[in-house]
1. Are any of the residues in region 88-96 assigned to a helix (DSSP H, G or I) and among the β-branched types (Val, Ile, Thr)?
2. I'm told Glu47 meets every condition in (1) within 23 Å of the chain's Cα centre (by Cα); (2) buried (at least 17 other Cβ atoms within 10 Å of the Cβ); (3) of a type in the set (Asp, Glu) except one. Can you identify the failing condition by its number?
3. Filter region 385-409 for residues that are touching a helix residue (DSSP H, G or I) at 6+ places or on another chain (Cβ under 7 Å) and aromatic (Phe, Trp, Tyr) and give the result.
4. Just name the residue that is surrounded by the most Cβ atoms within 10 Å (Cβ to Cβ) out of those in region 325-342 that are in a helix (DSSP H, G or I) and polar (S, T, N, Q).
5. Please go through region 354-409 and pick out each residue that is crowded, with 19+ Cβ neighbours inside 10 Å, at pLDDT below 90 and in contact with an Asp or Glu (Cβ under 9 Å, 6 or more places away or on another chain).
6. Restricting the first residue to region 351-367 and requiring it to be under 12 Å from Ala180 (Cα atoms), which pairs with a second residue that is acidic (Asp, Glu) and surrounded by 24 or more Cβ atoms within 10 Å (Cβ to Cβ) meet a Cβ separation below 6 Å and a spacing of at least six or different chains?
7. Which is among the hydrophobic types (A, V, I, L, M, F, W, C), in a helix (DSSP H, G or I) and touching an Asp or Glu at 6+ places or on another chain (Cβ under 6 Å), of Met75, Met60?
8. Out of the residues in region 293-343 that are more than 22 Å from Gly150 (Cα to Cα) and among the basic types (Lys, Arg), which is modelled with the highest pLDDT?
Amino acid sequence: MILNWIWIAFFAVAFLMALGQTLFAGNLQIWSDIMNASFTQAAFAFEISLGLTGVLSLWMGIMKIGERAGAIERMSRLVAPFFSRLFPGIPRNHPAMGAIFMNVSANMLGLDNAATPMGLRAMQEMQTLNERKDTATDAMIMFLVLNSSGLCLIPVSIMMYRAQGGATNPTDIFIPILVATGVATLVGLLALCLRQRIKLDFVLCSWLAGIAAAVGGVAWFFSRLPAEKVEAYSTFGANVILFSVIMLFIGAGVRKRIKVYDVFIEGAKEGFRTAVMIIPYLVAILVAIGMFRASGALDIFTGWVESGVGALGLDTRWVGALPTMLMKPLSGSGSCAMMLDVMQANGADAFVSRLAAAVRGSTDTTFYILAVYFGSVGVSKTRYAAGYALLADLTGAVAAVLVAYLFFG
């Protein structure tokens, strides 16, 4: 229901903005800009789905091998005490647990292309337990918020963009991002535990404390590395782990004497069908976002905030990163474009550029995740998923601002 009204609001605000600019400023071009944005975004939605087809086919094929070989089930047992408490509606040995584990692991390593197909597989498995196929279950919402909060230990892509932008030390945002995304994830999980009345027993609290300690440990390790080694080590570690998982699944399949190639093809076909299924959902959300952005509403809102902050006598430097904050839940490519625009206008080493990078890495793209993941299983009633995902977004953005002032202010 919330996503429905947000979607309608994008169009309504864009229309009112265009009408106002025409009546009061004589701007006739705005209508063309908005409609051109709708066509561009519709084509972009198809391109995203087309680009996902190969990745989905690859990883859902690999996942199918791991499932048939029993490797995913064995791996999921390691985190069963934690996940069984976060997802009480999913049986311990259900395939969804393994897919959730693989998705979360890929996200933590900053491997978005691998995380998406694993997440889609998790949604498909959870849908098999869903008695009301058009309505999100508590487990689905927990999983979506976990993805939206975007816990990432290794933000390789953002460090790469900073390097391309000429940053003196592209890795200096590593620890701020780690802290911001860690805070967003913990707040999102705790809020949902309270909403879903999940008991915070000793085991669950121990796991949450362990996650906090792991984030702190990774931050400590990378903080002691020379700046030029951080990106190389993080990229190396992420890809070695990922390739090792592929070989583990294939090796398990060979050991169990299954026809690995045939099983891979079976899973890859499922990936292709899933990529086609999400096209309408991507078109719906990306077109709405594109028209909203083209209307100029985002720029006007940013100007109001800067004036208000200045009137209160507060530092307004962070407002330059506000477009990145606002675009982050709406569009990954849009928020990336906002971040790059800030870097180009102010220099990669400016405070606002570092803050924009920290915001960009603090959480994941909420509405993209909602559209793709729920769309892949035909869920239209998302209940309170959007509200709690946006809570994690807000927490991550505030944490990013505070940490940026601490490190770079």
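The values are calculated or read from the model by the stated rules, or taken from the named source; none is laboratory data. In this text the structure is predicted, and so the values were computed from the model without any measurement. Methodologically, a virtual Cβ is constructed for each residue, glycine included, from the backbone with ideal geometry; neighbour enumeration extends over all protein chains shown.
1. Of region 88-96, the ones assigned to a helix (DSSP H, G or I) are 95-96.
Subset that is among the β-branched types (Val, Ile, Thr): none.
Taking every residue of region 88-96 in turn, none turns out to be assigned to a helix (DSSP H, G or I) and among the β-branched types (Val, Ile, Thr).
2. (2)
3. Of everything in region 385-409, those that are touching a helix residue (DSSP H, G or I) at 6+ places or on another chain (Cβ under 7 Å) and aromatic (Phe, Trp, Tyr) turn out to be Tyr388, Phe407, Phe408.
4. Ser335
5. Ser362, Thr363, Asp364, Thr366
6. Thr363/Asp393
7. Sole residue among the options that is among the hydrophobic types (A, V, I, L, M, F, W, C), in a helix (DSSP H, G or I) and touching an Asp or Glu at 6+ places or on another chain (Cβ under 6 Å): Met60.
8. Arg317
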